[in-house]
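First the structure, in the form of C-alpha cells, and then the observations on it.
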Amino acid sequence: MRQTAFDEQGGQIRWTESQGAGGSGSTGAGEGAGAGRGASQEEGGGWGEGAHVCGGVHACAGAWTGARADADASAYAVQLPPLVYVHGLGSASTVYHAHIAADPRLAFRRQLFVDLPGHGISDRPAHFGYSLEDHADALGAALDAAGVSGAELVGHSMGGAVAIVLAARRPDLVSRLVLTEANLDPNPAPTAGSSGIAAYTEEAFVDGGGFQAVLDRVGPLWAATMRLADPRALHRTALALVRGTEPTMRRLLMALPIDRTYLVGGIGDDLVDRAELVASGVRVEVVPNAGHNIMFDNPEAFIRAVVDGAAQ
C-alpha cells in the first residue's frame, strides 16, 4: 500500500499497485521485472505459445516463449502507460477491478487501484469538501507521488466523472479514458444512488439514520463497500455529483483530445445524447448482459474494452 497527502492538513489518499512485468517506473519500467506473469504462464516456460496477452493489434504474446520471455514481456510493458482504476460512489477500487487486472491480457502491466478520499482505505477528513474537483486533485496527487504520467484511467460511475475532471485539469497525467457508465450530467434521475443520498440533509444522513437507511436499501453488494465509506464524505460526494461541474462532465469529455471509450450496460441502457458523444470522437460501446456494474456482469467484454482500446 502507498499513500500521499491530498490536503494541507495531511489527509492521506492511498492506493495499491500491481507492478506487472514492467516494474514500478512511470512507464512501467524498473524493479520487479517478471513479477506479473499471466496465469497461462508455466514455470520456466515463458508466456506460453499463442497466449493472448497484449490483445488488439499488438499481437506480441506469441513471441514471448522460452528463456527470453521475461525480458520480452518487461520490454513490452515499458511501452504501455500504467492503468489506474477509479471506483464509484461508496465503492473501492480493488473490490471492483482486481479480477479485471488479474487477467493475463492485463496482468503484465503496471496497475494502480486508488481509493478516493472518504472511501476504502483513504482518509476521510471532516473539513474536506469532496467536490468532484477535490477528488480529481487528490487523485492527481496520488499519481504525482507514484511517478505516473500519461496514464490510462478506468473509471466507474462517479469515478468516471472524477477521471474526466482530472483529464481536463491535468492533461499531463491522462492519455486515455475508459469510462463505465460515468456520470456526465447534473441532476441525475431520482433512482440514481447519488440522488437518493443527496435527498437527505447532511445532518439527517450522518446523524439521523439516513446512512443506515441507504445501506438497507441498496442491497448487500453495494452496501459491502459503502459501509466502509465515511457518511459525511459520501453525502458531500453525492451532492457534488448532483451539482455536477461547469462546464458539465459531458462537455469536458467531449472536448478532450485523447482516446475515450464509454461503456454502457445493455440492461436498462438509458444513455442520453449518445450521438453527440460519438460525433465528438467518444467510442460508445453497449455491453450485452450487463447492468451498471459491467465489470461484474460481463467481465470478458470489460477486459476487451480495456485491452483493445490500448491497441488503437
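Values in this text are rule-based calculations from the coordinates and carry no lab data. All of these numbers come straight from a predicted model, not from anything done at the bench. Neighbour counts run over all protein chains shown; Cβ positions are idealised from the backbone, glycine included.
Quick one: what are the phi-derived ³J(HN,Hα) couplings along the stretch 198-215, Karplus 6.51/-1.76/1.60 with θ = phi - 60°, whole Hz, x for glycine and proline?
Each residue's phi maps through the Karplus curve to give 5, 5, 7, 6, 4, 5, 5, 6, 7, 10, x, x, x, 4, 5, 5, 5, 4 Hz.
Non-local amide H neighbours of ALA151 (under 5 Å, H modeled in plane, Pro and chain starts lacking H): which ones?
HN-HN under 5 Å from ALA151: VAL174, SER175.
For VAL284 and ASP144 in one chain, what is 0.36 nm times their gap in residues minus the Cα-Cα distance, to one decimal in nm? Working shown, then result.
Details: separation 140, 0.36 × 140 = 50.40 nm, distance 2.97 nm.
Working it through step by step, the gained length comes to 47.4 nm.
Lys/Arg Cβ at +1, Asp/Glu Cβ at -1, dipole of the stretch 218-306 taken about the Cα centre: which of PHE296, LEU271, LEU228 is farthest positive-ward?
Most positive-ward Cα: LEU228.
Mind listing the long-range amide H neighbours of ALA290? Cut-off is under 5 Å, sequence gap 5 or more, other chains count too, H placed in the peptide plane at 1.01 Å from N.
Here the answer is GLY266, ILE267, since their amide H atoms fall under 5 Å of that of ALA290.
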